[in-house]
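Okay, structure first, notes after.
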Amino acid sequence: MYRFLETERHGAVGVIALNRPEARNALGMGITIELRRALREAAADRTMRALVLTGRGGAFSAGADVKEWADKSKGDNPWPDMNWVEESLRLVQQVHDMPKPTIAMIDGAAVGAGLDMALACDFRYASERSKFICSYTNVGYNPDCGGTWLMPRVMGLEAAKRFAFTGDLWTAAVALENRLVSHVSPTDRLVDDTLAFAQRLAAGPTVAIAQAKKLLNSAHSRSLSDQQLEEVAAGKICAQTQDHAEGLAAANERRAPRFVGA
C-alpha cells in the first residue's frame, strides 16, 4: 500500500511509521506525499480514535532529504510539478489539525522538518537515546515548516530561542527539562508506554476531545469573549453525542463512563 511507510492498528489506536531507514527517514517528496495521504485516511477513519507517528530504524526523521534536493538540481526529479517545501508545510499543518489526539513516538534523531512534524503532534514520547536538533541555523538558514510557530508554544519563548539560535544537540533529558518532549522512557519501554497513553486517549470521548483540541489550538488568536463563544458552539456539538449522555449517566450512577467515540 505504501512504499515508504508502515501502518499498524492496535484497537482504536493507529500507528504510522516512517520507513526509510537507509536515509534515517528523511522527508523526501515520495515519503511526504505518502504521509499526507496516510494522514487524510487516518482523519477520515472513525474507528481510529488516536494516532501515533514514529520512525523505523533508529531515527524519527532526519528532516529534509538534502540528497534529493541535490539530485533535483541535476535534473533527476521524479516529481517535476511538485514543490517539496509547499508539500512539507501542508504536512506539518495536517499533523497539527488532525481531529484526534496525536503522539510522536521518537526513538533516535528528530531533526529539522522531522522535528517540526513531531512538534505539531499533541504529545511527544521519547526514548532515552533520542536526540533533537533544530538544525537550520547550523547551515545559515532560519527554521521553517512552522517550527517558529510551534516551538514557543510547546517550550516557551526563551527555550525556543536558545534551541533555535545555538543549533545545539539536545539529549532526551535536556528535551524533557525544556518541555520539548512530554515523557521519556527507557528504550525498551517506549512502545509500551506510548501505546498505553494512546489507548487511554482513544478510550475517551472522541468528539469532546476533538473539540477541546480545536479550541486549545486556536485560543491564542482570540479574545476571551470570542473564545467563550467558540466554547459554546463546541458545547452544542458535544451535547448531541452518545458519549455526553453516557458521561452524565455515569456521573449520576457513580461509575466509570464507557465512551464509544460517538
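The values are calculated or read from the model by the stated rules, or taken from the named source; none is laboratory data. A quick note: this is a predicted structure, and the numbers were derived from the prediction, not measured. Here Cβ is always computed from backbone atoms with ideal geometry, including for glycine, and neighbour counts include all displayed protein chains. Side chains included, ligands, DNA and RNA excluded: accessible areas come from the protein's heavy atoms. Shrake-Rupley method; radii C 1.70, N 1.55, O 1.52, S 1.80 Å.
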Sorting Thr47, Gly114, Gly147 by the position of each Cα along the dipole of the chain (Lys, Arg +1; Asp, Glu -1; all at Cβ), the one nearest the positive end of that ordering is Thr47
Roughly how many percent of the accessible protein surface of the chain is carbon and sulfur, given a 1.4 Å probe and a whole-percent answer?
55 percent
Given charges at beta-carbon only (K, R positive; D, E negative), |dipole| of segment 75-185 in Debye:
420 debye
Taking the alpha-carbon centre of each part, the distance from segment 1-28 to segment 112-151 in Å is 18 Å
Would you please put 110-118, 48-56 in order of how densely packed they are, using the mean number of other Cβ atoms within 10 angstrom per residue and starting with the highest?
110-118, 48-56
Listed residues Val85, Val95, Val232; largest mean-square fluctuation, Gaussian network over the chain with Cα springs below 10 Å, found at Val232
Averaged across orientations, what area in nm² does the convex hull of the alpha carbons in segment 113-212 project?
6.8 nm²
Show me 122-131, 245-254 ranked by packing, highest mean number of other Cβ atoms within 10 Å first.
122-131, 245-254
Lysine pair count for the chain [Cα-Cα under 25 Å; pairs on different chains or 8 or more apart]:
7
If you put +1 on each Lys and Arg Cβ and -1 on each Asp and Glu Cβ, how big is the dipole of segment 140-186 around its Cα centre, in Debye rounded to 20?
100 debye
Would you mind checking the tilt of helix 157-166 against the longest principal axis of the Cα atoms of the chain, expressed as 0 to 90 degrees and rounded to 10?
20 degrees
Under Stokes-Einstein, with the Kirkwood radius over Cα pairs standing in for Rh, what whole-number D in µm²/s applies to segment 79-146 at 37 °C and 0.692 mPa s?
254 µm²/s
So what's the projected area for the chain, the Cα convex hull averaged over all directions, in nm²?
15.6 nm²
